[in-house]
Amino acid sequence: MSSHPSGVDDLDRAALSSDLPLPLYLQLARYLRGQIVSGRFGHRDALPGERELAERFSVSRVTVRKALKELLDEGLLEQRQGAGTFVNRGQSPYVEQRLSTLTGFSEDMGSRGLVAGSVWLNRTVAVATPEEALALGLSPGATVCRLQRLRTANGAAMALELSVLPTRFLPDPNEVKGSLYETLRNRGFTPYRALQRLSAIQLPVDQAEQLGVPEGAAALYIERRTMLEDGTPLEFVRSQYRGDSYDFIVELNMAGPATPKR
């Protein structure tokens, strides 16, 4: 009798392909991530060892080790000294987002095998506030489309998000059904780059209740200005991300030698 749960015993040996452009370790990480978030593995289920996984998928143990590290870094797995590797499915998914690429929430969650969702809190057309007009380069009295949502991953609350856009880019807030960025691209306005500012905050009672955490819980407050390729301001976003479920990762490169002053 196998000591592993049925979800592990049913692993698809043909899930990986050397014909795909994605490295094998990322293919394996993606496949195992999908099995975890779909519920095939239960919380605290044990995974097979590196050698067994390598044999099942016909890959090297180095490939398996790199795939598991991806999932360990995301918080989907945990290792216990002398006991093995176990599934870690807590109250909400744990996500690390790299800040080097501009993606929307829906795309970001989908790339991790998570199902992105939204609970609409408000969507209206209104006159821009002075702060919004300044951020979006609008004249006084200009109208904006406001989209306020509770963002979820696999049904768990992850963030509160308020997106504000000039109505010339999005005249009807009800046009957004899923991904805002997909809607904008379909209208011919492709988000190109963004500037973000992050700070640590403690959630007030109303926001804590919406996110399902205690009052005063730690969160990441983010302001983002998204632009078109020509630099035209497209979107002004203010978000509160759960501190226990979300980390933002920045990759830094060492600067080259300084140019001598003349």
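The values are calculated or read from the model by the stated rules, or taken from the named source; none is laboratory data. Quantities reported herein were computed from a predicted structural model and do not represent experimental measurements. Ligands, DNA and RNA are stripped out before the accessible areas are found, and what is left, the full protein with its side chains, is counted by its heavy atoms. Shrake-Rupley method; radii C 1.70, N 1.55, O 1.52, S 1.80 Å.
Structure summary
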| read-out | value |
| --- | --- |
| Solvent-accessible surface ranking, highest first, for PHE86, PHE41 at 1.4 angstrom | PHE86, PHE41 |
| For region 149-155, 3J(HN,Hα) per residue [Karplus equation, 6.51 cos²θ - 1.76 cosθ + 1.60, θ = phi - 60°, Hz, x = Gly/Pro] | 9, 8, 8, 10, 10, 6, x |
| Carbon plus sulfur fraction of accessible area for region 35-84, probe 1.4 Å, in percent | 43 |
| Region 160-214-region 57-78 distance, computed between alpha-carbon centres (Å) | 33 |
| Residue-level accessible surface for ASP45, protein heavy atoms, 1.4 Å, Å² | 40 |
| Segment LEU72-ALA218, extension gain: residue separation times 0.36 nm, minus the distance between their alpha carbons | 50.3 nm |
| Apportionment of accessible area to carbon and sulfur, region 137-192, percent (1.4 Å) | 46 |
